[in-house]
Amino acid sequence: MKHLIVTLLFISLCPLSVFAGNGHELWLRYVGVGKAEVSVNKKGETLKISKTELLNFWQGGKVKLQVKRSNAHPDSYTITGNTTSGIVITSPSEQGVLYGTYHLLRLQSTNSVDGELNITEAPSYDLRILNHWDNLDRTVERGYAGHSIWMWDELPEKISPRYHEYARANASIGINATVLNNVNATPQVLSHSMLEKVKVIADELRPYHVKVFLSINFSSPAELGKLPTSDPLNKQVAEWWQKKADEIYKLIPDFGGFLVKANSEGLPGPQDFGRTHADGANMLADALKPHGGIVMWRAFVYNPSKEDRAKQAYNEFMPLDGKFRDNVIIQVKNGPIDFQPREPFNPLFGGMQKTAVMPELQITQEYLGFSNHLVFLASMWHEFLTSDTYCSGEGSTVAKTTDGSLFPHSVGSAIAGVANIGEDENWTGHHFAQANWYSFGRLAWDATLTPDEIADEWIRQTFGNSEELVKPVKKLMLESYETLVSYMMPLGLHHIFAWNHHYGPEPWTAIEGARPDWLPSYYHNADSVGLGFDRTETGSDAVVQYFSPLKEIFNNISTCPEKFILWFHHVNWTYKMKNGRTMWNELCYQYDSGVKDMRELQKIWDSCESYVDAERFRQVQSLLKIQMRDAVWWKDACLLYFQTFSKMPIPYDIERPIHELDDLKKIKLDLKHHN
Ligand code: GCV
């Protein structure tokens, strides 16, 4: 007993020492031992979790947990009371109480339990879902944190403790669903033996109210079911899917539904049979409907054609608006190309109004330095969610077009994030990549949260409340996104990555016979006149897909925001930017500022050494060195290459290139496993 008291005293006096510095606990580093008395008004597995969490960690006295019927959103909750007389968490559902519980603990961890609490929270999006691009052999497409956490070989017999930890982490930030496997799906995922494994994971996640979905391959009836076709209008095919749905729901009664990548990047789909995306989605929706399941049908489609790739998803899907069943949601990537460091929003947001549309964000950093670069993505997603589409006049933000406020749909609202989770001890490779998982959950819960608010709460929970640490680390996080855009692809440049991976720069790549829309020159169009993709009405006319006044703003070079100028315009090297510099000089200064700002971010982290445990400090410090070197690599590669077209000097007051272009062209990274 004495030993226990001494240990507890030590724990509460020395918070950092309770945890190894490996980051495995994520933001859930509750310290100390709970002193709570917790009462519940009902029995239930999820309520029990709330009770246990509070008994273990709440320092503030009595808490009453109550599930009470009401018309409020089922996931909503209220927290009232104070630490002296007691706190009451009320929700129409058990999961709402759980979200309230984690919110209360979050307030405690961030030193924000102050006086009388009177909090009401309801989620922005009904479905807050992770998409794992995890293959059944446990490799992860675009995954940079080790192998998949789903141990298919061991299942269904052996249950990894990770499943439970994963569910808890997600529930703590309001994530309530997950797609377990890659959108590049194999038909085998629907075999009975696989479904029995999926069932075990679903059982593990259920108490935390995380619902399981699967990505499916459209050719499953032919490939798995051995039917002569997978044509969605074929009766046998529809029956095959119905039977498959029955089989799934027998094992997993609350199964969420299917995510589908069809007729995209070589995957099969309804167009193989002369049918439309709506035909395909509706056939699957009909199979799931009796069970309450939904279809998330991806709009990420493009083909090598004369049409600008940025226009293709809109062209394909707009004519189908209103033609989908009411349990279909169209899942659209934030930008019209593909998760680039910076893109304008995809015009399907606000464009499609009669069909539910959900944003797909990429948490894993496929195009943002893998898990080597520190970049806080709440900044990017905030910019996206608050972008004005003008579809119903001013203020029609992307968030409002998708969260049900402008266009309510009976299927509800949803938002997806491509997970950055793997079996690395710290889950995400880079300790700061945890903040992106965290931010996705928090923004899905409350799309109005600012990057500043999210960073603040994440830092306090993950590293501690010392202001000497919170202030600089917040600055580091909040500046990281602009910094990365500046050293990689400023001014609207996009997709100038290396051919066989998306890590380093290769604006020069030219591969004979390759799909032109997979080559950087397709996007940057550098020539003796200038740089950038002409998407104005005299170019590809992608601007026409946006509502007025946005289309006019983007169309006119003098009103187009300069952060998108090379996205929408082919700009002369000598074009005068708003600050009076030529476009060429501005490009140089942008790259240079990316490098300079990186040096500042490095300094900031070093100044935090005494506030962070040695293990996490060193890991981040050494990754920042890599990021710093990469920033110089990006700057030199892009400026030296584009200079071969501009034929203008790099302004003499900025850092000189330290590489030769020919040497940079020889760099070939062996990153195929990431491809
Ligand atoms: C899962 C990009 C990525 C692919 C990804 C695809 C998609 O092209 O590079 O790895 O495939 O997007 O989102 O379907």
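The values are calculated or read from the model by the stated rules, or taken from the named source; none is laboratory data. Please read these numbers as outputs of a predicted model, since none were measured by experiment. So basically every Cβ, Gly included, is an ideal-geometry build from the backbone, and we count neighbours across all protein chains shown. Ligands, DNA and RNA are stripped out before the accessible areas are found, and what is left, the full protein with its side chains, is counted by its heavy atoms. Shrake-Rupley method; radii C 1.70, N 1.55, O 1.52, S 1.80 Å.
For the condition over 11 Å from the mean Cα position of the chain (by Cα), assigned to a helix (DSSP H, G or I) and assigned by TED's automatic domain parsing to the domain that holds His147, Gln434 qualifies. Quick one: in region 253-277, of everything that is more than 16 Å from the ligand (Cβ to nearest atom) and buried (at least 22 other Cβ atoms within 10 Å of the Cβ), which residue is nearest to Lys323 (Cα to Cα)? Checked region 253-277; the qualifying residue nearest to Lys323 (Cα to Cα) is Pro270. Taking the conditions (1) without any contact (Cβ under 8 Å) to a residue 24 or more places away in the chain; (2) in a helix (DSSP H, G or I) in turn, Ser405 satisfies each one other than (2). When only residues in region 297-314 that are away from the ligand (no atom under 16 Å from the Cβ) and touching a residue at least 24 places away in the same chain (Cβ under 8 Å) count, which is nearest to Val260 (Cα to Cα)? So the residue we want is Tyr314. For region 234-251, the tally of residues that are farther than 17 Å from Pro290 by Cβ and surrounded by 15 or more Cβ atoms within 10 Å (Cβ to Cβ) stands at 2. Residue pairs whose Cβ atoms lie under 7 Å apart, separated by 6 or more positions or on different chains, with the first residue in region 170-189 and closer than 29 Å to His103 by Cα and modelled with pLDDT of 95 or more and the second within 16 Å of the ligand (Cβ to nearest atom) and small (Gly, Ala, Ser), are Val179/Ser215. When Tyr163 is tested against (1) more than 16 Å from the ligand (Cβ to nearest atom); (2) of a type in the set (Phe, Trp, Tyr); (3) under 16 Å from Val418 (Cβ atoms), only condition (3) is not met. Taken as a whole, the structure places Pro253 among residues that are in a loop (DSSP other than H, G, I, E, B), without any contact (Cβ under 8 Å) to a residue 40 or more places away in the chain and touching a helix residue (DSSP H, G or I) at 6+ places or on another chain (Cβ under 9 Å). Of all residues in region 211-221, exactly one satisfies the criterion of being touching a strand residue (DSSP E or B) at 6+ places or on another chain (Cβ under 9 Å) and either farther than 19 Å from Val183 by Cα or small (Gly, Ala, Ser) (or both), namely Ser215.
The requirement of being closer than 16 Å to Phe642 by Cα and either modelled with pLDDT of 95 or more or open to solvent by 10 Å² or more (accessible area, probe 1.4 Å) (or both) is not satisfied by Asn555. Of the residues screened, Val210 is one that is more than 19 Å from Glu141 (Cβ to Cβ), of a type in the set (A, V, I, L, M) and either within 16 Å of the ligand (Cβ to nearest atom) or modelled with pLDDT of 95 or more (or both). Figure legend. Inter-residue proximity from region 497-509: first residues assigned to a loop (DSSP other than H, G, I, E, B), second residues of a type in the set (Ser, Thr, Tyr), beta-carbon distance below 6 Å, spacing 6+ or different chains. Indicated pairs: Trp499/Thr509; His502/Tyr367; Pro507/Tyr641; Trp508/Tyr641.
Residue by residue, here is whether (1) in contact with a Leu (Cβ under 8 Å, 6 or more places away or on another chain); (2) surrounded by fewer than 18 Cβ atoms within 10 Å (Cβ to Cβ) holds:
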position	(1), (2)
Ile496	no, no
Tyr503	yes, no
Glu506	no, no
Thr509	yes, yes
Gly513	no, yes
Gly532	yes, no
Thr536	no, no
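Only one of the numbered conditions (1) within 27 Å of Asn315 (Cβ to Cβ); (2) in contact (Cβ under 8 Å) with a residue 40 or more places away in the chain; (3) touching a Ser or Thr at 6+ places or on another chain (Cβ under 7 Å) is not met by Pro451, and that is (1). The criterion of at least 1 residues that are of a type outside the set (Asp, Glu) and farther than 30 Å from Gln353 by Cα is met by the following helices (runs of 4 or more DSSP H) wholly inside region 525-616: 583-606. Taking the conditions (1) more than 16 Å from the ligand (Cβ to nearest atom); (2) of a type in the set (D, E, K, R); (3) more than 16 Å from Trp437 (Cα to Cα) in turn, Glu141 satisfies each one other than (1).
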